[in-house]
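See structure below.
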Amino acid sequence: MRKFIIGSRGSDLALWQAHHIQDLLHDLGCETEISIITTKGDRIQDLSFDKIEGKGFFTKEIEEALLNQTIDIAVHSHKDLETDQPTGLKIASIPGREDARDSLLIREDLASANDVFQLSKGAVVGTSSIRRKTQLLHHAPHLNVIDLRGNVPTRIQKLREKKYDAIVLAAAGLARLKVDLTGLRVIQLDPTIFVPAPAQGALGIQIREGDKELAAILAKTNDDQAQRHVEVERTLLNKLQGGCHLPFGAHCTGQLGDLSLHLAYARTPEEAMNYTHFKAENPEILLSKGMDWLTQINHG
């Protein structure tokens, strides 16, 4: 069996993800090596995502390395991937999904029990996500939401330095990195009210389409239920063709026969957020209901 090269970004979280896949492959008897690749999103730290030109800020360079055969496996946070795969590449595995929720981290001295987010009027909340910003202001228009960039430890340090009163991060990243949150109040936001990004908490393991040997190996790491949920969420995102520039959340849960889907969507960041919830026995019915709802809003 050949040695497989795993491509990853160099952040703490990205390397945790790469090492996680390396461990899974090691358990299957594979020899691997990790190659660190810097992406456009890593290089540009002074702009919010909606102001960076192009797509695939955190994936393009890694995908190019995969196509150029300098790596064999690309490990991504699935929500960073474009919904249309580049020609010649495919997702070979979606391993078990971590917590999909968003976490609100608040400086303990500022927490207020009288507000939906336990934040007082005018509190400064940091996030780089249009989806998070739109939902924060939907539920608490009195907040002051400003851009926040950097990896997970950097963002938390900015909060500790009092540059922000609170920040929003993915619960999955905090869990995977086992981050020290001493002195901070942590609120796990209800995903039926504060709807996560499509595929949040999931990994996407990408390979070349023709690599049948590797595809067969990685199939053993796939979680069918996680794959089903992610495919529902990302199919709806693909319909909108907006990526991270749109305020859109999708969270699918449940098993076949009893699936549930929560959606949050606004056509622009300036419009009010719309929320809905559907239940269905299979993904096809769930997708049909979701697409009808999105169509109604876009034509409304």
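Every read-out reported here was derived from the displayed coordinates using simple, explicitly stated rules and does not represent laboratory data. Because the structure is predicted, anything quoted here is derived from the model rather than measured. Every residue, glycine among them, receives a Cβ derived from its backbone with ideal geometry; neighbour counts consider all protein chains shown.
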- line: Cα-based Debye curve of the range 102-188 sampled at q = 0.10, 0.23 Å⁻¹ gives log₁₀ I(q)/I(0) of -0.20, -1.19
T87/E108 FRET efficiency (R0 35 Å; Cβ-Cβ; nearest 0.05): 0.10
- prompt: Using 1/(1 + (r/R0)^6) with R0 = 51 angstrom and r between the beta carbons of S120 and Q69, what's the FRET efficiency to the nearest 0.05?
  reply: 0.40
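For each of V116, V125, count neighbouring Cβ atoms within 10 Å of the residue's Cβ, then give the residues from fewest to most. Each step should come with its number before you reach the end.
Working: V116 11, V125 25.
By the 10 Å Cβ count, ascending, the order reads V116, V125.
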- prompt: In terms of the ratio Rg/(2.2 N^0.38 Å) built on C-alpha atoms, what value belongs to the range 191-300?
  reply: 1.16
message: Show me the ranking of peptides 169-179, 286-296 by mean Cβ neighbours inside 10 Å, starting with the highest.
response: 169-179, 286-296
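What translational diffusion coefficient, to the nearest whole µm²/s, does the chain have by Stokes-Einstein, given a Kirkwood radius computed over alpha-carbon pairs, a temperature of 10 °C and 1.306 mPa s viscosity? Walk me through the numbers on the way to the answer.
On the way: Rh = 20.0 Å.
Rounded to a whole number, D works out at 80 µm²/s.
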query: Which of the aspartates and glutamates could be linked to K239 by a straight reach, that is with a Cα gap under 14 Å, when you skip same-chain ones fewer than 8 residues away?
result: E82, D84, E231, D292
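Over the range 243-298, consider all pairs of different Cα atoms and compute the Kirkwood hydrodynamic radius from their mean reciprocal separation; express it in Å, one decimal. Provide the component values of the computation, followed by the final result.
Values: mean 1/r = 0.0849 Å⁻¹.
Computed over Cα pairs of the range 243-298, the Kirkwood hydrodynamic radius comes out at 11.8 Å.
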task: May I ask for the distance between the Cα centers of the range 190-223 and the range 112-172, given as a whole number of Å?
output: 28 Å
Efficiency of FRET between K239 and T38 - r from beta-carbon atoms, R0 41 angstrom, step 0.05: 0.80
statement: In the chain, whole DSSP H helices that both stretch 24 Å or further along their axis by alpha carbon positions and average at least -1.0 on the Kyte-Doolittle scale are 224-240
